Amino acid sequence: QKEVEQNSGPLSVPEGAIASLNCTYSDRGSQSFFWYRQYSGKSPELIMSIYSNGDKEDGRFTAQLNKASQYVSLLIRDSQPSDSATYLCAVKDGFNKFYFGSGTKLNVKP
Amino acid sequence: ETGVTQTPRHLVMGMTNKKSLKCEQHLGHNAMYWYKQSAKKPLELMFVYSLEERVENNSVPSRFSPECPNSSHLFLHLHTLQPEDSALYLCASSQDRRLAGPYNEQFFGPGTRLTVL
């Protein structure tokens, strides 16, 4: 069973702070890694994808991947109340299957 | 229409009803997925169709039956459901790995909120 683990939270940060979200995965054959944001009652929205070790930055978001440690993280700089949502980590295997974590709920307090 | 669309957005059905969920993708993708999302549980992959091949999750009860007539349309036929099947059903699409390699991002539709009475 391929597993993706996330801390369910909630993670509370003040507005303007850096939010750090973490994810570990069990399948060493995993090829692609994604972060989705899901607001309550809505569907997941893709915010970042990362495929190689290191950092990838997009605006206020930075994804970090360490395949040796089977670890992927998402940093949100200058957190805003609108960032309050559940963040899902997803991992794709060598086929067409995506595996999702249970999500981390982020609360950004004004 | 853009992205991935799903109809209906909300559905209430009795245990003896038969209904179908519809999904359409406008992204030029060739892999489509059905997921189930229950409260406080991870997204559960139900079915994958890719380049006309179906990959099935063996834990999905036979009361759920998928149909993929072409690469843009996906259906989920429902019959004799149970109350525990009440959930958000999400459709998603991506490029098949054989065409896009690992660089195949997956995009979701808005979902169908299903309630089984």
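The residue of region B:28-44 that is surrounded by the fewest Cβ atoms within 10 Å (Cβ to Cβ), among those that are under 11 Å from the mean Cα position of the chain (by Cα) and touching a residue at least 24 places away in the same chain (Cβ under 8 Å), is B:Lys36.
Just wondering, is there one or more residues in region A:55-71 that are surrounded by fewer than 16 Cβ atoms within 10 Å (Cβ to Cβ), hydrophobic (A, V, I, L, M, F, W, C) and within 13 Å of chain B (Cβ to nearest Cβ)? No: region A:55-71 contains no residue that is surrounded by fewer than 16 Cβ atoms within 10 Å (Cβ to Cβ), hydrophobic (A, V, I, L, M, F, W, C) and within 13 Å of chain B (Cβ to nearest Cβ). Among the residues of region A:37-53, those that are within 23 Å of B:Leu88 (Cα to Cα) and either at the interface with another protein chain (Cβ under 8 Å from one of its Cβ atoms) or not in a strand (DSSP E or B) (or both) comprise A:Tyr39, A:Ser40, A:Gly41, A:Lys42, A:Ser43, A:Pro44, A:Glu45, A:Leu46. Search region B:96-116 for residues being at the interface with another protein chain (Cβ under 9 Å from one of its Cβ atoms) and among the polar types (S, T, N, Q), and hand back the single one that is farthest from A:Ile50 (Cα to Cα). Residue satisfying both the conditions and the ranking: B:Gln106. In this structure, A:Gly94 qualifies as within 13 Å of chain B (Cβ to nearest Cβ) and out of contact with any strand residue (DSSP E or B) (no Cβ under 9 Å at 6 or more places or on another chain).
Here region A:1-24 is the region considered, the condition is being touching a Cys at 6+ places or on another chain (Cβ under 8 Å) and part of a strand (DSSP E or B), and the residue that is nearest to A:Thr86 (Cα to Cα) is A:Leu21. Count of region A:80-100 residues, restricted to those that are more than 20 Å from B:Ala31 (Cα to Cα), surrounded by fewer than 20 Cβ atoms within 10 Å (Cβ to Cβ) and not hydroxyl-bearing (Ser, Thr, Tyr), is 3. Answer with yes or no whether B:Ala92 is more than 9 Å from chain A (Cβ to nearest Cβ), among the aliphatic types (A, V, I, L, M) and under 13 Å from the mean Cα position of the chain (by Cα). Spelling it out, it is not the case that B:Ala92 is more than 9 Å from chain A (Cβ to nearest Cβ), among the aliphatic types (A, V, I, L, M) and under 13 Å from the mean Cα position of the chain (by Cα).
The conditions of being touching a strand residue (DSSP E or B) at 6+ places or on another chain (Cβ under 7 Å) and surrounded by 21 or more Cβ atoms within 10 Å (Cβ to Cβ) are met by B:Gln25. Could you pull out the residue among B:Phe108, B:Phe75, B:Phe47 that is touching a strand residue (DSSP E or B) at 6+ places or on another chain (Cβ under 8 Å), aromatic (Phe, Trp, Tyr) and free of Cβ contacts under 8 Å to residues at least 40 places away in the same chain? The match here is B:Phe47. Being outside any loop (DSSP other than H, G, I, E, B), acidic (Asp, Glu) and free of Cβ contacts under 8 Å to residues at least 24 places away in the same chain is a property that does not hold for B:Glu24.
So that you can scan it fast, the table gives a plain yes or no per residue for (1) among the basic types (Lys, Arg); (2) farther than 17 Å from B:Leu114 by Cβ:
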| residue | (1), (2) |
| --- | --- |
| B:Pro8 | no, no |
| B:Gly14 | no, no |
| B:His29 | no, yes |
| B:Lys36 | yes, no |
| B:Glu44 | no, no |
| B:Ser72 | no, yes |
| B:Gln82 | no, no |
| B:Gln95 | no, yes |
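Checked against the criterion of being within 13 Å of another protein chain (Cβ to nearest Cβ), without any contact (Cβ under 8 Å) to a residue 60 or more places away in the chain and surrounded by fewer than 20 Cβ atoms within 10 Å (Cβ to Cβ), region A:3-25 contains not a single residue that satisfies it. Of the residues making up region A:54-90, those that are outside any strand (DSSP E or B) and either under 12 Å from A:Leu21 (Cβ atoms) or among the hydrophobic types (A, V, I, L, M, F, W, C) (or both) are A:Ala68, A:Ser79, A:Asp83.
Read-outs: derived from the displayed coordinates by stated rules, not from any lab. Here the structure is a predicted model, which is why all the values come from computation and not from measurement. Cβ: placed from backbone, ideal geometry, glycine included. Neighbour counts: every protein chain shown.
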